[in-house]
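*Asks:* One structure is given below, represented as structure tokens, and several questions about it will come after.
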Amino acid sequence: MVSEGDRVVTHFFGCRELGYRGWRWAVTVARASRAKIVTVDEVVLLPGPDAVLAPEWVPWSERLRPGDMGPGDLLPTEADDLRLEPGYTGAEEPPPNSALTEDLADLADAEDAEVTGGTPAEQTVTPSRGTIAAVAEELGMRRARVLSRYGLHAAADRWEEAFGPKTPMAQAAPASCMSCGFLAPIGGSLGQAFGVCANEFSPADGRVVSLAYGCGGHSEAAVMPKPPQPAPPVIDETRVDPFPLRPSPDSGSVPATEDASSADLGHS
């Protein structure tokens, strides 16, 4: 038992339920001042020092790890996510020159433009033309949020830990990725420290690697020399000169018709 205070004591009893090993029943009793009867305050089942407890509950946002997402899974982001910041800023209101004045009314009629009554502030629906979102869409800024400085640093730390200069592969590499021909540069501020490996035989193929990372597949680590090319011969000894066994009849060396004198001399 444990004394909880003046005239308040908690008694513990062992729990014999098979599913609650190490748990114990806690019965708290108390006696009011000047009273002779002890009353029961509460009876609860509490874990003891050797109780088997479930692990502490962790929210899904903290429980999720890289690689846990599968096909069809959606990962929502909070509106105030520290890794993101607005891609464009400004209130959802039309530009100052969107409200037509009396001087421009005739011009609007001539251009067959649609003019709504009242100022833009009095409209129930803000015209889509002229809003910050519409201007951003025309300028190609379709992303409502982009990486913040915190998000950039978090990604850089994560990539450098996986494929950075402190990895065993980089420590044993003959050179860094900065001088490798298989490094594909990336844009933005992260391009000053990272790139994408394009060597299919490298362990980092298709991964974002630090410029200080390296592996044995460096393009200049072991360059195989080209086989020596022999110099062209001064005399072409490979060419075959045709020597006919019988001269052509029109060469003039022997008569075209065979006679007895030429046959005796060996001519044919």
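The values are calculated or read from the model by the stated rules, or taken from the named source; none is laboratory data. Just so it is clear, the model here is predicted, and its values are computed rather than measured. Virtual Cβ from ideal backbone geometry, glycine too; neighbours counted across all protein chains shown. Calculation scope for accessible area: heavy atoms of the full protein, side chains included, ligands and nucleic acids excluded. Shrake-Rupley method; radii C 1.70, N 1.55, O 1.52, S 1.80 Å.
*Asks:* Collect the residues in segment 160-216 that are assigned to a strand (DSSP E or B), free of Cβ contacts under 8 Å to residues at least 12 places away in the same chain and under 25 Å from residue 149 (Cα atoms), keeping them in residue-number order. Break it down stepwise before answering.
*Replies:* Initial filter on segment 160-216 (assigned to a strand (DSSP E or B)): 183-185, 194-197, 205, 208-210.
Retained after the next criterion (residues that are free of Cβ contacts under 8 Å to residues at least 12 places away in the same chain): 185, 205.
The answer is 185, and nothing else.
*Asks:* Contact list please: Cβ distance under 7 Å, first residue in segment 10-24 and within 13 Å of residue 49 (Cα to Cα) and touching a residue at least 24 places away in the same chain (Cβ under 8 Å), second residue loosely packed, with under 12 Cβ neighbours inside 10 Å and of a type in the set (Asp, Glu), pairs at least six apart or on different chains.
*Replies:* Hits for this filter: 22/50.
*Asks:* Within segment 42-65, which residues are modelled with pLDDT under 90 and surrounded by 10 or more Cβ atoms within 10 Å (Cβ to Cβ)?
*Replies:* 48, 51, 52, 61, 64
*Asks:* On to the next question. Provide a single number: the residues in segment 12-67 that are of a type in the set (Asp, Glu) and part of a loop (DSSP other than H, G, I, E, B).
*Replies:* So the count comes out to 3.
*Asks:* May I pose another question? Could you list, ordered by first residue, the pairs with Cβ atoms under 7 Å in which the first is in segment 143-156 and under 16 Å from residue 79 (Cα atoms) and the second is of a type in the set (A, V, I, L, M) and open to solvent by 40 Å² or more (accessible area, probe 1.4 Å), at least 6 apart or interchain?
*Replies:* Short answer, once both residue conditions are applied: 145/84; 146/84; 147/84; 148/82; 148/84; 150/82; 151/84.
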